[in-house]
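Working notes, structure below.
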Amino acid sequence: MKRQALQVFDHLPAPLDLREEVLKGLAQRQKTLPAKLFYDERGSRLFEAITALPEYYLTRTEIGLLRQHGGEIARIVGAGSVLLEYGAGASLKIRLLLEALRPDCYVPMDISREFLLAAAQRLLDDYDWLSIYAACVDYSQALSLPRQIEQAERKLGFFPGSSLGNFTPPEAQQFLQRVRQTLGRGSYFLLGVDLEKNAAVLEAAYNDQQGVTAAFNKNMLRHLNQTLGAGFDEQRFRHEARYNSEQSRIEMHLISEVDQVLNVGGRQIALRKGESIHTENSCKYHPDRLQQMAQTAGFDTRRIWTDERGYFALLLLQG
Ligand code: AVI
């Protein structure tokens, strides 16, 4: 008989009032919208398409590093581990790590229950030796996990894709501290982060020729129309991604092409021609800064691997 199991753990915080959050962002001098609004079903598909674009080197480079160093990671972490992923394992990356590590239990953590369960089921179909504990949680907040997971002796946390870069640096520092707390002393944390580099390379990665990133950015407006009955017309906005060298981050904006007044959740919002709505930050780091942040959070850096071009880093940290 196949030794496989799927258990589900639900622990979502009370939903924030989206309307309040959106209106608060749009009332600021620099208008903003929360980046989580990218990810409805269409947005998640568009993001998948981004990861395959020739200009978007991040995913390909990280996969190369995992292929190259998966064996060493498994040797350091050792057998009988629990692998916790911050996000649901839909990609090739988690498969590479599962195959190298063969953990006793895999714990994907994601806020989107449907996405989480579908991804878990696909993995169970392919790996008959795997046990999965799917945790429907908001991993950006303080986490409480089931005791049997918390008490596991050998844990490896995994946070790929440079999602750390979508937090501001103070938020990223706080997040690392919470991860250290959740994983506990002696546990490992494998972190994939995009590095500082030539602005032209970065800007190309977020302004692809096929316009997929533009569609991803504008999808936020569709999503808002559906969830809040907002009156955005995507044709009246253009996508812009620019590197802010002072803050070492790519900023994505939606620029209004005309003077317009919108009705968002029952409130009138005026936008001038040329005015921007800031939709995302994608911070780029120097490896030294990452190591410092990890140390401040209570981690030692056991290994740091980068690709030949020095574009992307994989850090293996230990609490
Ligand atoms: C998910 N995150 C790490 C991506 C990034 O590169 O910041 C999201 C993205 N935004 C535009 N392209 C990809």
Share of antiparallel DSSP beta bridges in the chain, in percent to the nearest 5? 60 percent
The stretch 231-271 versus the stretch 31-94: alpha-carbon centroid distance in Å: 27 Å
Where is the GNM fluctuation largest for the chain (alpha-carbon springs, 10 angstrom cutoff): Asn219, Asn207, Asn198? Asn198
Under the rule rounded for a/c under 1.5, else prolate if a/b exceeds b/c, else oblate, using alpha carbon gyration tensor axes a ≥ b ≥ c, the stretch 92-218 is classed as prolate
Applied in sequence order to the stretch 281-288, the curve 6.51 cos²θ - 1.76 cosθ + 1.60 (Karplus, θ = phi - 60°) yields integer Hz couplings, x standing for Gly and Pro, of 10, 10, 6, 10, 10, 8, x, 5
I need the phi-derived Karplus couplings for the stretch 228-236: 6.51 cos²θ - 1.76 cosθ + 1.60, θ = phi - 60°, integer Hz, Gly and Pro marked x. 10, x, 6, x, 6, 10, 4, 5, 8
Set of lysines with alpha-carbon distance to Lys24 below 16 Å, sequence-local pairs under 8 removed: Lys36
How long are the semi-axes of the ellipsoid equivalent to the stretch 36-158, from square roots of 5 times the Cα gyration tensor eigenvalues, in whole Å, largest first? 23, 20, 13
Mind computing the radius of gyration and Dmax over the alpha-carbon atoms of the stretch 242-319? Å is fine for both. 19.6, 53
Given an 8 Å cut-off on Cα distances and at least 6 residues of separation, report the relative contact order of the chain as a percent. 22 percent
Quick one: helix 57-77 against the long Cα principal axis of the chain, what's the angle to the nearest 10°, folded into 0 to 90? 20 degrees
Can you tell me the Rg and the Dmax, both Å, for the Cα atoms in the chain? 20.1, 65
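Any read-out appearing in this document is the output of simple, stated calculations on the displayed coordinates, not a laboratory observation. Since we're looking at a predicted model, the values are computed, not measured.
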